[in-house]
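Enquirer: Encoded as structure tokens, here's the structure I'll be asking about.
What follows is calculated from the coordinates using simple rules that are stated; it is not laboratory data. Since the model is a prediction, treat every value here as computed from it, not as a measurement. In this analysis, Cβ positions are derived from the backbone assuming ideal geometry, glycine residues included, and neighbour counts consider all displayed protein chains.
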Amino acid sequence: MPADVAFPLLARRAIIVGLSATALTACAKPAAPVGDDVSLGNPKAPVKVVEYASVACPVCGRWYREVFAAFKAKYIDTGKVYYTFREMLVGDATEQSMAAAGFLLARCAGRDKYFPITDAIFQDQNNIYNDPRGGLLKIAQSNGLDEAKFTACVNDAAALQALNNRVLHYVTVDGVNATPTFVVNGAVMEPGYHSLAELDAAIAAAKGGK
């Protein structure tokens, strides 16, 4: 798969292949994911950047490894941008399975561990594809979760249903159908990889060129 092409959303369910026998179909009319956002930075920042992404999406992983650290240092850490990450399930069943398990693990570990866990998944994405359970278990253990807790996390049917509901909301209400998709102060950028310079331009436009 090309590294610079966004992935279209396929099935609207998560299947934890090799990790769990659980498979849930999301509700037809999911409730709005109130309070479920995970964010970094100053909520009062003048620019709000929302990224819809999957921890199993290669394009998202490439962006995270190549751009995120500089983006965070320039905008999030300085209080100029409030960044929100929204979870998507895209690609084939294997990709959706890996992403769902990764998101369930990150949320189960607690808010303070959410970004360290997603960071670790993005950094080791290629290896995790080869051994999803082993790769994610290693990340869980490095963040203080033993194997029993990890297994419970990725087999949590209620958490999986909540994830499915969030994804359906982002698709049907927010209109997102590819990852990564960036939204800067309400303006949707073309889905796909964006350099720091491209994000600079979008943020400048959101601030009226200031």
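Enquirer: Across the range 29-137, how many lysine pairs, 8 or more positions apart or on different chains, have C-alpha atoms separated by under 20 Å? Please give the number.
Expert: 8
Enquirer: Using Cβ contacts closer than 10 Å as the measure, can you line up Y82, Y129, Y64 from fewest to most?
Expert: Y129, Y82, Y64
Enquirer: Quick one: which of 53-62, 179-188, 91-100 comes out on top by average Cβ neighbours within 10 Å, and what's the full order, highest first?
Expert: 53-62, 91-100, 179-188
Enquirer: Let me make sure I get this right: for the range 162-201, a, b and c are the square roots of the gyration tensor eigenvalues over alpha carbons, sorted descending. Under 1.5 in a/c it's rounded, otherwise prolate if a/b > b/c, else oblate. Which is it?
Expert: Taking the square roots of the gyration eigenvalues as a ≥ b ≥ c, the range 162-201 is prolate.
Enquirer: Also, quick follow-up: Would you list T118, T151, T78 from fewest to most Cβ contacts within 10 Å?
Expert: T78, T151, T118
Enquirer: Hey, what do the phi angles of the range 155-160 turn into as Karplus ³J(HN,Hα) couplings, whole Hz, using 6.51/-1.76/1.60 and θ = phi - 60°, x for Gly and Pro?
Expert: 10, 7, 4, 5, 5, 5
Enquirer: Using r as the Cβ-Cβ distance of Q123 and K74, and R0 as 30 Å, what FRET efficiency do you calculate, to the nearest 0.05?
Expert: Once the sixth-power term is evaluated, E becomes 0.90.
Enquirer: In Å and from the alpha-carbon atoms only, list the Rg and Dmax of the range 107-210.
Expert: 17.3, 52
Enquirer: Same structure, new question: How far is the Cα center of the range 44-66 from the Cα center of the range 148-210, in Å?
Expert: First find each Cα centre; the distance between them is then 7 Å.
Enquirer: Now, a different point. How large is ³J(HN,Hα) for each residue in the range 186-191, as worked out from phi by the Karplus curve 6.51 cos²θ - 1.76 cosθ + 1.60 (θ = phi - 60°), to whole Hz, x for Gly and Pro?
Expert: So the Karplus estimates, Gly and Pro as x, are x, 8, 7, 7, 4, x Hz.
Enquirer: Next question. Which net charge results when you count Lys and Arg as +1 and Asp and Glu as -1 among the other residues whose beta-carbon is under 11 Å from that of G41?
Expert: In short, +3.
Enquirer: Taking H placed 1.01 Å from N in the peptide plane, check which residues at least 5 places from R86 or on another chain put their amide H under 5 Å from its amide H.
Expert: So R86 has HN proximity to E51, Y52, A53.
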